[in-house]
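Scroll down for the structure; my scribbles are underneath it.
Please treat every number below as a calculation from the coordinates, not as lab data. Note that the structure is a prediction, hence the values are computed from the model and not measured. Cβ sites come from the backbone with ideal geometry, for glycine too, and all protein chains shown count toward neighbours.
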Amino acid sequence: MGIRQADGRTLVISPPALTQVTGSPEQFEIRFQPLGAASITLRATGREYGNFGDGIINTLVGDLEIHQGGRPIAQARGTAGLERRAPL
């Protein structure tokens, strides 16, 4: 995952960053804990899902909040594209 801010760009790769996902497909949270850096949390709410088959579910409309070290740094209302892959 890449985050671009005025002071630079952050790229988080898991592993080595620890990643935890909680919640349901309609409302979930993904928390990344990069080594030696502030945590990054994505809080997502999906609406109007479309099922494309093969276990792939995409939102047609979604909201996303991004927090770094517990402070909000960005949000997208009604424009976030969220995707999840369900086990087959």
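The set of residues in the stretch 43-56 being in contact with a Gly (Cβ under 8 Å, 6 or more places away or on another chain) and surrounded by fewer than 17 Cβ atoms within 10 Å (Cβ to Cβ) consists of Arg47 alone. Taken together, the criteria place Arg71 among residues that are out of contact with any helix residue (DSSP H, G or I) (no Cβ under 7 Å at 6 or more places or on another chain), under 17 Å from Ile3 (Cα atoms) and without any contact (Cβ under 8 Å) to a residue 12 or more places away in the chain. Listed by position, the strands (runs of 3 or more DSSP E) inside the stretch 1-56 whose residues that are in contact (Cβ under 8 Å) with a residue 24 or more places away in the chain number at least 3 are 40-51. If only residues of the stretch 22-35 that are among the hydrophobic types (A, V, I, L, M, F, W, C) and within 9 Å of the chain's Cα centre (by Cα) are counted, the one that is nearest to Glu48 (Cα to Cα) is Phe28.
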